[in-house]
1. Mind listing just one residue for me: the one in the stretch 266-286 that is among the small types (Gly, Ala, Ser) and open to solvent by less than 60 Å² (accessible area, probe 1.4 Å) and, of those, farthest from Met25 (Cα to Cα)?
2. Go through the stretch 72-94 and report how many residues are open to solvent by less than 20 Å² (accessible area, probe 1.4 Å) and under 18 Å from the mean Cα position of the chain (by Cα).
3. How many residues are of a type in the set (A, V, I, L, M, F, W, C), under 19 Å from the mean Cα position of the chain (by Cα) and over 14 Å from Ala144 (Cα atoms) when one looks only at the stretch 102-128?
4. Regarding the stretch 160-176, can at least one residue be identified that is within 19 Å of the chain's Cα centre (by Cα), in a helix (DSSP H, G or I) and among the basic types (Lys, Arg)?
5. Could you grab me the full set of residues in the stretch 243-265 that are more than 20 Å from Ser44 (Cα to Cα) and exposed (fewer than 13 other Cβ atoms within 10 Å of the Cβ)?
6. When you scan the stretch 84-103, do you find a residue that is out of contact with any helix residue (DSSP H, G or I) (no Cβ under 8 Å at 6 or more places or on another chain), in a helix (DSSP H, G or I) and without any contact (Cβ under 8 Å) to a residue 60 or more places away in the chain, even just one?
7. Considering each of Thr182, Thr194 in turn, give the residue that is part of a helix (DSSP H, G or I) and open to solvent by 30 Å² or more (accessible area, probe 1.4 Å).
8. Do any residues in the stretch 124-146 that are closer than 17 Å to Ser207 by Cβ and part of a loop (DSSP other than H, G, I, E, B) have Cβ atoms under 7 Å from those of residues that are among the aliphatic types (A, V, I, L, M) and open to solvent by less than 20 Å² (accessible area, probe 1.4 Å), where the two are at least six apart or on different chains, and which pairs are they?
Amino acid sequence: MRYIAATTVLVGHAITPLRDQFPYMHWLYNASWQLGVPAFALISGRFSPALPLTGRAAGRLVTGIAFPFVAFSLVTSVQRWALDGVWYFSLVEPAATLWFLLSLLFWKMALPYVVTLRYPLVLSVVLALAVGFADDIAYPFSAAQTIAFFPFFYLGHLLRERPEFAAAVAAVPRWAAALVTTALAGGVWLLDDTLSPEWPAMRQPYSAEDFPYALGVPIRAAVLLWGVIAVIALIRLVPRRHVPLMTSLGTAGMYLYVLHPLVLTYFHHIDFFARIDTDAEALAVLAVAIASTVVLGSRPVQALTRPLVQPRGRWLLRPPERLPDAAESRGRTPPPPRSPAASPAAPPRSG
């Protein structure tokens, strides 16, 4: 699933300049969006326990998300300066796909508090719908998308913590999942002329969209439902067994996600996409985009970029022996050491 999500994001960005010129690229972008960011958010939630952010848990958050976000924000700024001669570095308005890392950081930080609320899933959906009314909450700090996509993240967390949710997903027949996926793709084809790619992005307020203001909530609710149904279908369709190449590349999902914008930025700089004017060339772009996952996820590329994507953090974090132990990181206080003079058979003290 990580490989499919990362590849979908990569392909979506690669064909974005071709959407207006080739109708089938417009359809492909709209028909596959839910397999990208919504799937990534759900997968991230699936591997996110609601632990207090202390000790090693906080360290993993720093080295696994915060540091790559800052590092690639800087790398992106250096690349733009080298190509265009303009320096612009901002952590408030994330570049390219880096908004997701910032949102993921906020999601993981908020999760231990969200789980203490009543009906957190319902509340997250209500907030995702309500944020569209706020004209001053948009792209800075990826605030709008952080709130709008949080239901997918929290649903993934529920699949981890609630066996009944996981059992309900596992009970969906694969033929039904295939039928739903086909029906969604067909529905997008029929509605493609009226479906704006900005709707699924959910980063703009309703007042900035190209539909009547009163339709904001119904359209976003439909987008959220569409994404959830499609991702659940994807879970059922992805094989559980090891799949050659795809499984190994899936472990490099973060590399595919953060590295491909750097490649696409260069192609935009040389006006490569402006030269695409035939169907054969457009399909070649699609094929090369999919094939590029093999290169970006390869072992040599991982070894070269690991200090930025998956840093060890020894120079940044305190030594492990000084961090709280595993019991404390799970929110439990370790028992005090037993006194050597105490008898093992002595009854516990009252109170």
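1. First, pick out the residues of the stretch 266-286 that are among the small types (Gly, Ala, Ser): 274, 280, 282, 284.
Filter once more, keeping what is open to solvent by less than 60 Å² (accessible area, probe 1.4 Å): 282, 284.
Working: Ala282: 8, Ala284: 12 Å.
Only one residue fits best here, namely Ala284.
2. Initial filter on the stretch 72-94 (open to solvent by less than 20 Å² (accessible area, probe 1.4 Å)): 72-73, 76-77, 94.
With under 18 Å from the mean Cα position of the chain (by Cα) added as a condition, the list becomes 72-73, 94.
Qualifying residue count for the region: 3.
3. Taking the stretch 102-128 and keeping what is of a type in the set (A, V, I, L, M, F, W, C), we get 102, 104-107, 109-111, 114-115, 117, 121-123, 125-128.
Narrowing further to those that are under 19 Å from the mean Cα position of the chain (by Cα): 102, 104-107, 109-111, 114, 121, 125, 127-128.
Now restrict to residues that are over 14 Å from Ala144 (Cα atoms): 105, 109-111, 114, 121.
Number satisfying all stated conditions: 6.
4. Yes, the stretch 160-176 contains at least one residue that is within 19 Å of the chain's Cα centre (by Cα), in a helix (DSSP H, G or I) and among the basic types (Lys, Arg).
5. Here is the first cut: in the stretch 243-265, the residues more than 20 Å from Ser44 (Cα to Cα) are 243-245, 261-265.
Correct list: Pro244, Leu245.
6. Going residue by residue through the stretch 84-103, those that are out of contact with any helix residue (DSSP H, G or I) (no Cβ under 8 Å at 6 or more places or on another chain) are 85.
Still in the list and also in a helix (DSSP H, G or I): none.
No; the residues of the stretch 84-103 include none that is out of contact with any helix residue (DSSP H, G or I) (no Cβ under 8 Å at 6 or more places or on another chain), in a helix (DSSP H, G or I) and without any contact (Cβ under 8 Å) to a residue 60 or more places away in the chain.
7. The unique qualifying residue is Thr182.
8. The qualifying pairs are Ile137/Val131; Ile137/Ala144; Ala138/Ala144.
The values are calculated or read from the model by the stated rules, or taken from the named source; none is laboratory data. Just so it is clear, the structure is predicted and the values come from calculations on it, not from any experiment. Glycine also receives a Cβ, built like all others from the backbone with ideal geometry; neighbour counts cover every protein chain displayed. Each accessible area value is taken on the protein alone, full model and side chains, heavy atoms only, with ligands, DNA and RNA left out. Shrake-Rupley method; radii C 1.70, N 1.55, O 1.52, S 1.80 Å.
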